Amino acid sequence: MLILGIETATQQVSVAIGGHEGVLGLFEVSRGRRHAETLTPAIEFVCAQADVRIDEFGAIAVDVGPGLFTGMRVGLAAAKAMAQALRIPMVGISSLDLLAFPLRHADRTIAAVIDARKGEVFYAFYKPVPGGVQRVTEPVVGRVDDLVADLMARGQHVVCVGDGALRYRDDIASAGVHCDFAEQFLQYPSAAPLVQLAHAKALREEGVNPWEVQPLYLRAPDAQINWSTRASGAPGQGGGR
């Protein structure tokens with residue numbers, strides 16, 4: 001079974017094709033943040049280079065977040081549209097799971113950390129297990145201080161991965177946390193582990209209908225936050241002029 005993987009939840013756009021032979025094709029670009037303009041040509045390019053037709057896919061895999069709202073929406077919309085048109089199942093996988101998976105051979109706890117902007121991060125903790133990683137905490141959004149407090153409370157040697165970990169590396173290191181940091185090339189979730197993980201799920205018939213795939217936001221979109229803030233300060237709303 002061939003899987004098309006679409007990952008747009010962060011600054012990077014990543015598309016991969018994979019199956020029982022592993023990853024057959026991969027496209028990634030992390031500059032420009034033109035997710036909508038980049039995604040369709042990326043899919044066409046990877047299909048052409050891997051000599052795979054769209055109708056050969058048995059499932060569509062997509063990163064469901066958490067991440068940047070606009071990017072997530074682009075990837076989810078494209079993945080759902082393709083799955084519906086092809087009448088094939090979908091597999092949704094968290095961006096934090098995708099960050100942690102490449103570190104499955106680590107000998108310590110893994111903290112997957114995504115930059116949520118506004119001084120916040122999305123994060124979760126994992127432990128390596130045979131064949132992969134196991135999430136040991138639920139994904140959360142919090143201030144960097146919250147992440148540091150959780151790292152210190154664990155009292156373990158941890159490896160941090162993700163653009164959030166790199167952005168706030170000095171804050172984490174200065175707190176005296178026993179922490180190493182993964183390589184910069186692992187800072188974004190990739191569609192390569194996405195198709196690897198999704199292929200196993202698809203073989204176990206764990207795919208779902210497109211309308212059943214839901215994004216993992218963890219917080220309201222910025223536009224909604226801004227509107228709520230403006231409304232709370234409007235006349236008659238208890239504040240503002």
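Helices (runs of 4 or more DSSP H) wholly in region 148-241 with at least 1 residues that are modelled with pLDDT of 95 or more and polar (S, T, N, Q) - which ones?
In region 148-241, 191-203 are the helices (runs of 4 or more DSSP H) which contain 1 or more residues that are modelled with pLDDT of 95 or more and polar (S, T, N, Q).
Starting from residues that are among the hydrophobic types (A, V, I, L, M, F, W, C) and crowded, with 23+ Cβ neighbours inside 10 Å, keep the ones in region 159-191 and report whichever is nearest to Leu4 (Cα to Cα).
It comes out as Ala191.
Exactly one of (1) assigned to a strand (DSSP E or B); (2) within 18 Å of the chain's Cα centre (by Cα); (3) crowded, with 16+ Cβ neighbours inside 10 Å is unmet by Pro128. Its number?
Of everything listed in (1) assigned to a strand (DSSP E or B); (2) within 18 Å of the chain's Cα centre (by Cα); (3) crowded, with 16+ Cβ neighbours inside 10 Å, Pro128 misses just condition (2).
Evaluate the following for Ala36: is it farther than 30 Å from Thr137 by Cα, hydrophobic (A, V, I, L, M, F, W, C) and at pLDDT below 95?
So Ala36 fits the description; yes.
Could you look through region 103-151, keep only residues that are hydroxyl-bearing (Ser, Thr, Tyr) and touching a residue at least 40 places away in the same chain (Cβ under 8 Å), and pick out the one that is nearest to Gln12 (Cα to Cα)?
Tyr123
The values are calculated or read from the model by the stated rules, or taken from the named source; none is laboratory data. All values derive from a computational prediction rather than experimental measurement. Note: ideal-geometry Cβ built from the backbone for every residue, glycine included; neighbour counts use all protein chains shown.
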